[in-house]
Amino acid sequence: MTLLNSLVTELRRGTLTLAVLSQLRSPQYGYSLVQSLEKSGITIEQSTLYPLLRRLEKQELVTSSWDTTEKRPRKYYVLSEFGTEIYEQLKEEWEKTSAELRSLLKGDESSEVD
């Protein structure tokens with residue numbers, strides 16, 4: 001793995017949590033979650049998604065339940081009340097950090113022009 005790939009992976013790690021939480025405001029099962037994230041341009045491997053969902057459940061941010069009405073049982077995940085609060089706070093933090101970084105990176109561009 002190149003240095004750039006390693007840094008990109010590190011950068012994405014935290015953003016994946018926020019991306020997943022954003023999609024769990026309504027119940028989703030694993031595959032539907034992968035699809036909705038991919039629609040937004042975010043790729044996530046199932047080998048990354050399921051451990052993340054288990055961790056979020058352990059942290060009580062997400063609850064899960066089995067739907068056995070279909071031929072194939074599916075485990076659905078949804079934000080808990082606590083998860084919704086944390087999601088809103090994380091989203092605010094992300095927006096603040098993004099704005100700060102945008103400002104810093106714009107400064108980068110203007111110094112290159114000089």
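Which of the residues belonging to the range 97-114 are of a type outside the set (Val, Ile, Thr) and at pLDDT 80 or above?
To start, the set of residues in the range 97-114 that are of a type outside the set (Val, Ile, Thr) comprises 98-112, 114.
Residues satisfying the conditions are 98, 99, 100, 101, 102, 103, 104, 105, 106, 107.
Could you tell me which of the residues 102, 74 is touching a Phe, Trp or Tyr at 6+ places or on another chain (Cβ under 6 Å) and not aromatic (Phe, Trp, Tyr)? Please lay out each step first, then the result.
Numbers: 102 fails: touching a Phe, Trp or Tyr at 6+ places or on another chain (Cβ under 6 Å).
Among 102, 74, only 74 is touching a Phe, Trp or Tyr at 6+ places or on another chain (Cβ under 6 Å) and not aromatic (Phe, Trp, Tyr).
Which condition breaks for residue 44 when tested against (1) free of Cβ contacts under 8 Å to residues at least 40 places away in the same chain; (2) touching a strand residue (DSSP E or B) at 6+ places or on another chain (Cβ under 7 Å); (3) surrounded by 13 or more Cβ atoms within 10 Å (Cβ to Cβ); (4) not hydroxyl-bearing (Ser, Thr, Tyr)? Unmet for residue 44, out of (1) free of Cβ contacts under 8 Å to residues at least 40 places away in the same chain; (2) touching a strand residue (DSSP E or B) at 6+ places or on another chain (Cβ under 7 Å); (3) surrounded by 13 or more Cβ atoms within 10 Å (Cβ to Cβ); (4) not hydroxyl-bearing (Ser, Thr, Tyr): (2).
Selection of the range 64-100 for residues being among the aliphatic types (A, V, I, L, M) and loosely packed, with under 13 Cβ neighbours inside 10 Å yields only 99. Against the list (1) in contact with a Gly (Cβ under 6 Å, 6 or more places away or on another chain); (2) open to solvent by 70 Å² or more (accessible area, probe 1.4 Å), the condition residue 61 fails is (2). Restricted to the range 1-41, and to residues there that are open to solvent by 80 Å² or more (accessible area, probe 1.4 Å) and within 10 Å of the chain's Cα centre (by Cα), the residue that is farthest from residue 55 (Cα to Cα) is 12.
The values are calculated or read from the model by the stated rules, or taken from the named source; none is laboratory data. Keep in mind that this is a model prediction, so the values were computed, not measured. Using ideal geometry, Cβ is built from the backbone for each residue, glycine included, and neighbour counts are taken over all protein chains shown. Just the protein is used for accessible areas: all its heavy atoms, side chains included, with ligands, DNA and RNA removed. Shrake-Rupley method; radii C 1.70, N 1.55, O 1.52, S 1.80 Å.
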